[in-house]
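Only one structure is covered here, and it is reproduced in the block below.
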Amino acid sequence: MRLLSLVILTCLSCVTAGYALDIRGPYLTGLESGEATIVVHTDEDVEAVIEYEDRKNKNLSQKKASPAGGRHIFNIEGLTPGTEYTYRILFKDNTGNFVDQSKQTNTFSTPPQNLDEFSFIAYGDSRDSSKKPKRHELIASQFLKYKPLFIISTGDILLGGKSATASAFNDDWTLNFFRPLRNVINSVPYLVSAGNHELDSPEAEQGFRQVFPTLKESFNYSFRYGRTSFIVLNTPNRMKEFQSQKQWFIKELEKAGNADWRVVFLHVSPFTNGKYLKNSWTLDGREDFLKTCVENKVDLVFSGHDHSYQRFHPLRFSDNDSHAVLFVVTGLAGTNAYKAEPGEFTAQAVNNTDHFCVVNVTHDRLSLKAYNNNNQLIDEAMLSKGEINLGKVWQSVTMESSRGQ
Ligand SMILES: [Fe+2]
């Protein structure tokens, strides 16, 4: 893959003094107060080092990547909390020198030790089958102005299917991930809840693991920022998959202890008034999921898969419950739209609109704002610790009949 034509075509490769590597990344897959994980791929097996420095104090450090063929993972430890760093990646060329082929200096900022307030972005279903996909890039171009601590996709980044290979260098990854996000993921960690299109074949799963090497075997994981606990579930195809994750999920929620907020991400939407309203893959298991979320004080659940924006009134499982859960479907940022018709439990539904959600988190307030690709507000909602919003008691019959189907 040293053809110059391909290098120009992808705009992601670099040429230095006749030596060209095809490169994907760099991108962050993890960031804490004292640690960062950065990944970059090369089409050839070359040595790589990262140079990084504290922007203020200019203490330059260098670290070699873990040797893993053409995939380079940098686990950087000992960072100073609340500090901006610059970094660049050098590759060994055929004269034995380490060269900055991309001529690109990147930055990231470690969160402060006492993280009182932060924002994150959630969005999903950004895969785009057009030959020159632009919609995801347009959405992604808005992200940095909100200074998100991390970005998470609710899944279906890729087309998958026949497009899937085990390589990070195939067109699907290039057009639907690396290119539209290239100016974002080099500075902000990008996380994902696996979608069905990421995992629809063994090759697709291999490719997914190649690009997200820090994900656990099961693709279920949790993390915490400040006093908020985040849990990511691997439900790419059907809500029934939750059954095998339930015990782990409950344990993670128990571990969240005194967290101010509990936020969950998954691909399949447990609640939707869109295409999958009556689909058994959605219906089977969702009541158990709601019950588990209510009992374990989950505050907010983001999902995708149904291609629209939908926010529901906070839901309880029964009249006796003293806690309600806010469900949001964020499932359109590049793929084909599905229509969601408002029903009894709908608080807001927006169709045919690429969008993303910005959530600002403080100790006592969780503020959600959804924007379209022109940065216009399409919905907003707030959860406040002082105000208990019990929303509505869930009744599946009502949800289905409200659509008259
Ligand atoms: Fe999906």
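Some values worked out for this structure:
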| item | result |
| --- | --- |
| Single residue of the stretch 217-252 satisfying the filter (part of a helix (DSSP H, G or I) and touching an Asp or Glu at 6+ places or on another chain (Cβ under 9 Å)) that is nearest to the ligand (Cβ to nearest atom) | Met239 |
| Criterion (modelled with pLDDT under 95, closer than 24 Å to Leu368 by Cα and more than 16 Å from the ligand (Cβ to nearest atom)) met by exactly one of Asn258, Asn296 | Asn258 |
| Yes/no for Asp200 being farther than 23 Å from Val328 by Cα, in a loop (DSSP other than H, G, I, E, B) and within 16 Å of the ligand (Cβ to nearest atom) | yes |
| Flag if Arg127 is within 16 Å of the ligand (Cβ to nearest atom), in contact with an Asp or Glu (Cβ under 6 Å, 6 or more places away or on another chain), in contact (Cβ under 8 Å) with a residue 24 or more places away in the chain and assigned by TED's automatic domain parsing to the domain that holds Leu149 | yes |
| Qualifying position, being in contact (Cβ under 8 Å) with a residue 40 or more places away in the chain and more than 16 Å from the ligand (Cβ to nearest atom), among Gly334, Gly343, Gly304 | Gly343 |
| Subset of the stretch 130-187 [within 16 Å of the ligand (Cβ to nearest atom), touching a Lys or Arg at 6+ places or on another chain (Cβ under 7 Å), in a loop (DSSP other than H, G, I, E, B) and under 20 Å from Leu28 (Cβ atoms)] | Ile157, Leu158 |
| Hey, Phe317 aromatic (Phe, Trp, Tyr), more than 16 Å from the ligand (Cβ to nearest atom) and at pLDDT 95 or above or not | no |
| Meets criteria (within 26 Å of Val359 (Cβ to Cβ), assigned to a strand (DSSP E or B) and touching a Lys or Arg at 6+ places or on another chain (Cβ under 9 Å)) for Thr107 | yes |
| Pairs, first more than 17 Å from Phe302 (Cα to Cα) and touching a residue at least 40 places away in the same chain (Cβ under 8 Å) in the stretch 358-381, second of a type in the set (S, T, N, Q) and outside any strand (DSSP E or B), C-beta under 7 Å, six or more apart | Asn375/Gln142 |
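The values are calculated or read from the model by the stated rules, or taken from the named source; none is laboratory data. From a predicted model like this one, the values you see are computed outputs, not experimental measurements. With ideal geometry, Cβ positions are generated from the backbone for all residues, glycine too; neighbour counts draw on all protein chains shown.
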